[in-house]
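Engineer: Sending over a structure as structure tokens; questions will come in a sec.
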Amino acid sequence: MRKREASESVLRIDWASDHHDIAVVDETGSLLARARIDDTAEGLDQLLRMLAEHGDSLQDPVPVAIETSRGLLVACLRATGRPVYAINPMAAARCRDRHTVSRKKSDHLDAMVLANILRTDAAAHRMLPADSEVAQAVAVLARAQQDAVWDRTQAGNKLTSHLREYFPSYLAAVGHRREGIDHAIARALLAAAPTPRQAAKLTRAQLRAVLKKAGRKNTIDREVERLHGALRASQMRHLPLVEEAMGRQAVALLRQLEAACASADDLAEAAVQAFEAHADAEIITSFPGLGPLSGARVLAEIGDDRTRFADARGLKAYAGSAPVTRASGKSVSVAARRVKNQRLAGVGYMWAFSAMAHSEGARAHYDRRREAGDRHTAAQRNLFNRMIGCLHHCLSHRVPFNEAVAFPTTREPHLALAA
């Protein structure tokens with residue numbers, strides 16, 4: 001960041017759901033102006049007029065400090081070209097003690113604290129990246145799809161736990177599938193017969209209709225016979241009225257699962273479409289283990305502002321793949337990084353796992369780490385560290401992934417020994 005002139009100001013916003021407290025300070029930390037604005041277009045106009053009165057211009061905009069990276073106010077300020085710094089609330093809380101030792105707290109004080117953070121320690125904080133509109137759209141959709149997947153898992157776990165209390169034969173019948181209760185056939189079957197009594201009465205013709213409705217096309221007759229026998233297996237039962245009531249509860253939980261599954265599928269399709277329209281999609285999906293959806297999740301977290309990470313080390317630290325070294329006196333320890341982008345670290349784990357099945361070099365790298373003494377998680381994290389470093393290089397130089405460059409092999413020549 002360039003060095004600011006002595007006459008320049010700093011804006012700090014203490015945001016809330018319906019209003020925002022703003023403070024403008026100069027280079028000495030003196031308060032120039034303060035106000036409370038509504039979270040409306042009129043409030044934004046009031047803020048821009050206040051900034052204009054204190055030296056703000058298109059050529060030299062006043063930088064902004066705020067404790068969030070989201071919201072309409074942040075989006076509008078970024079659209080005006082102002083540098084916006086999202087200050088971590090923990091950093092703000094620690095700096096509050098520099099201004100008051102009584103531990104008092106107010107919106108005005110918070111605004112002053114963050115303005116002075118940006119005034120004195122701007123180099124220690126990072127501006128919000130200047131990602132393109134497409135990249136921002138991908139981020140919204142990919143994160144929403146990931147949230148929908150988590151909701152789907154939670155809804156499925158709730159329904160499974162409930163079914164285990166009164167309908168274990170159903171879980172045994174559908175548990176052989178990898179998707180389990182999330183599978184379309186499992187959901188259709190439960191909707192048709194939510195209690196053991198109703199399931200035992202299903203005829204072969206009804207089971208065949210359920211399978212066809214759920215999209216089953218092959219080996220229908222064999223599956224019908226399997227389900228027909230499994231749903232009639234003996235099991236412990238509740239009293240009839242209690243069983244009926246638990247069936248009604250299962251139907252209600254099933255509706256939640258159906259909604260979560262539909263949301264995850266719709267958002268996945270939208271995220272993939274947005275991702276494939278981005279210029280980086282071809283490079284990202286050239287990596288083994290990254291498909292359109294996982295690639296969208298990677299792009300959502302790293303963005304397309306190439307100035308965001310000065311080098312691959314910064315990206316590795318952000319992803320949590322690079323270890324942390326702690327040294328004090330003669331004590332030195334190397335541990336896994338805990339503070340990281342959890343979404344990027346999560347997709348990175350699956351990326352590394354999938355890459356081992358599609359890349360000989362990735363598999364060999366993992367095996368070498370295991371032979372060196374790493375456990376599975378550490379070896380997989382090290383592979384992710386290697387892969388994301390390669391991704392930084394490929395995106396910076398606009399080249400696709402090259403297996404021979406990423407994982408060069410060294411073969412020692414075989415020497416023929418004369419007897």
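The values are calculated or read from the model by the stated rules, or taken from the named source; none is laboratory data. Predicted, not measured: the structure shown is a model, and the values here were computed from it. Here the Cβ positions follow ideal geometry from the backbone for every residue, glycine too, while neighbour counts run over all protein chains shown. The area values use the complete protein model at the heavy-atom level, side chains included, leaving out ligands, DNA and RNA. Shrake-Rupley method; radii C 1.70, N 1.55, O 1.52, S 1.80 Å.
Engineer: Can you list the HN-Hα couplings for region 240-254, worked out from phi with the Karplus curve (6.51, -1.76, 1.60; θ = phi - 60°), rounded to whole Hz and with x for Gly and Pro?
Structural biologist: x, 5, 5, 4, 5, 5, 5, x, 5, 5, 5, 5, 5, 5, 5
Engineer: Calculate one ³J(HN,Hα) per residue across region 46-61 by plugging θ = phi - 60° into the Karplus curve 6.51 cos²θ - 1.76 cosθ + 1.60, and present them in order as whole Hz with x for glycine and proline.
Structural biologist: 4, 5, 5, 5, 4, 5, 4, 5, 10, x, 6, 8, 5, 6, 9, x
Engineer: How high is the relative contact order of the chain, in percent, with contacts defined as C-alpha pairs under 8 Å that are six or more residues apart?
Structural biologist: Reported as a whole number, the value is 12 percent.
Engineer: Using each residue's phi in region 229-238, evaluate 6.51 cos²θ - 1.76 cosθ + 1.60 at θ = phi - 60° and report the 3J(HN,Hα) Karplus result to the nearest Hz, with x for Gly and Pro.
Structural biologist: 3J(HN,Hα) across region 229-238, in whole Hz: x, 5, 6, 9, 5, 5, 7, 5, 10, 7.
Engineer: Something else about it: May I ask you to derive the relative contact order of region 256-355, considering only C-alpha pairs under 8 Å and at least 6 residues apart, and to give it as an integer percent?
Structural biologist: 25 percent
Engineer: Specify which labelled value, from (i) 1.09; (ii) 1.03; (iii) 1.30, agrees with Rg/Rh (Cα atoms, Kirkwood Rh) derived from the coordinates of the model shown.
Structural biologist: Given (i) 1.09; (ii) 1.03; (iii) 1.30, the structure-derived one carries the label (i).
Engineer: Express the carbon and sulfur contribution to the solvent-accessible surface of the chain as a percent, rounded to the nearest whole number, probe 1.4 angstrom.
Structural biologist: 53 percent
Engineer: Hey, can you grab everything whose amide H is under 5 Å from the amide H of Ala65? Only 5+ residues off in sequence or another chain; H modelled, so Pro and N-termini drop out.
Structural biologist: When sequence neighbours closer than 5 places are left aside, the close amide H contacts are Leu11, Arg12, Ile13, Tyr85.
Engineer: Let me ask something additional. Given a 10 angstrom Cα cut-off, can you work out which residue in Thr40, Thr160, Thr285 is the most mobile in a GNM of the chain?
Structural biologist: The residue that fluctuates most here is Thr40.
Engineer: Please identify the trypsin sites (Lys or Arg not before Pro) of region 340-378 that satisfy two criteria: DSSP loop assignment and at most 13 other Cβ atoms within 10 Å. Which are they?
Structural biologist: Arg375
Engineer: How many angstrom lie between the Cα centre of region 304-335 and the Cα centre of region 131-167?
Structural biologist: Using only Cα atoms to place each centre, the spacing works out to 30 Å.
Engineer: Calculate, for region 163-220, the solvent-accessible area per residue in square angstrom, rolling a 1.4 angstrom probe over the heavy atoms of the protein chains.
Structural biologist: Per-residue accessible area for region 163-220 comes out at 51 Å².
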